[in-house]
Amino acid sequence: MFLDDGTIVSTRGRDDRIDQLYTALPGTEIPNNVPIIVLINEHSASASEVVAGCLQDRCRATIVGERSFGKGSVQNVIPLDAGQAAMRLTTAYYYPPSGRLIHRKPSAKPEDTWGISPDSGCQVKLEEGAFLKSIERFRRRADPNANGLGDPSANSWSSPVDQGTEEQNRNIDATLKEDPQLEKAVQILKEKIKD
């Protein structure tokens with residue numbers, strides 16, 4: 001969707017040779033001149049880390065937020081006992097185009113390199129209260145009937161990041177202004193659009 005050529009991700013097994021290489025095909029859903037921001041946090045894992053890492057390595061997106069979880073393992077599920085049980089076996093790891101290892105090994109320390117880190121100047125740590133509010137916002141957004149979108153007065157607010165029409169502004173969840181990561185992303189997008 002975001003790239004029209006080059007490497008997306010590769011997998012490597014124990015011998016560190018490339019098992020599989022995934023590359024982009026010509027034609028994108030999102031034109032190359034459209035800026036992209038990817039929000040990540042410590043709960044962003046697996047496929048979301050592969051996407052963020054690829055777009056970061058290919059200079060296609062700006063990564064905002066906190067360092068991701070660090071799950072970059074390829075696992076095969078082997079059925080056992082006639083399907084009554086299963087064993088999950090790690091057979092390889094995912095590597096974004098730069099070749100860095102996303103996966104956090106059990107012995108990894110906080111200062112070690114693992115996961116996907118935000119771009120320089122784009123780290124925005126959420127305190128626990130803000131994080132809990134963001135989770136509640138996502139839950140409310142999942143049910144349009146429960147989040148007040150039908151009542152324009154419930155969602156009308158003014159924010160420095162709010163530059164839409166009156167109709168668009170009525171349909172914005174009021175809690176967005178309490179999300180510093182999203183605020184940072186909007187600020188960066190506005191700067192990129194000006195350029």
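The values are calculated or read from the model by the stated rules, or taken from the named source; none is laboratory data. Bear in mind that the values here come from a model prediction, so they are computed numbers and not experimental data. Virtual Cβ from ideal backbone geometry, glycine too; neighbours counted across all protein chains shown.
Restricting Ser134, Ser107 to those that are hydroxyl-bearing (Ser, Thr, Tyr) and either crowded, with 18+ Cβ neighbours inside 10 Å or under 18 Å from the mean Cα position of the chain (by Cα) (or both) reduces the list to Ser134.
Cβ-Cβ contacts under 8 Å between residues 6 or more apart (or on different chains), taken from a first residue in the stretch 33-46 that is under 12 Å from Ala185 (Cβ atoms) to a second residue that is of a type in the set (Gly, Ala, Ser) and assigned to a strand (DSSP E or B), are listed as Leu39/Gly65; Ile40/Gly65.
Do we have Lys133 as outside any loop (DSSP other than H, G, I, E, B), without any contact (Cβ under 8 Å) to a residue 60 or more places away in the chain and within 18 Å of Leu39 (Cβ to Cβ) here? Spelling it out, Lys133 is indeed outside any loop (DSSP other than H, G, I, E, B), without any contact (Cβ under 8 Å) to a residue 60 or more places away in the chain and within 18 Å of Leu39 (Cβ to Cβ).
Just checking, which of Arg100, Arg17 is touching a residue at least 24 places away in the same chain (Cβ under 8 Å) and out of contact with any helix residue (DSSP H, G or I) (no Cβ under 7 Å at 6 or more places or on another chain)?
Details: Arg17 fails: touching a residue at least 24 places away in the same chain (Cβ under 8 Å).
It is Arg100.
Highlighted here are the strands (runs of 3 or more DSSP E) found entirely within the stretch 5-104 that include at least 3 residues which are of a type outside the set (Gly, Ala, Ser) and at pLDDT 95 or above: 7-12, 18-23, 37-40, 62-65, 85-95.
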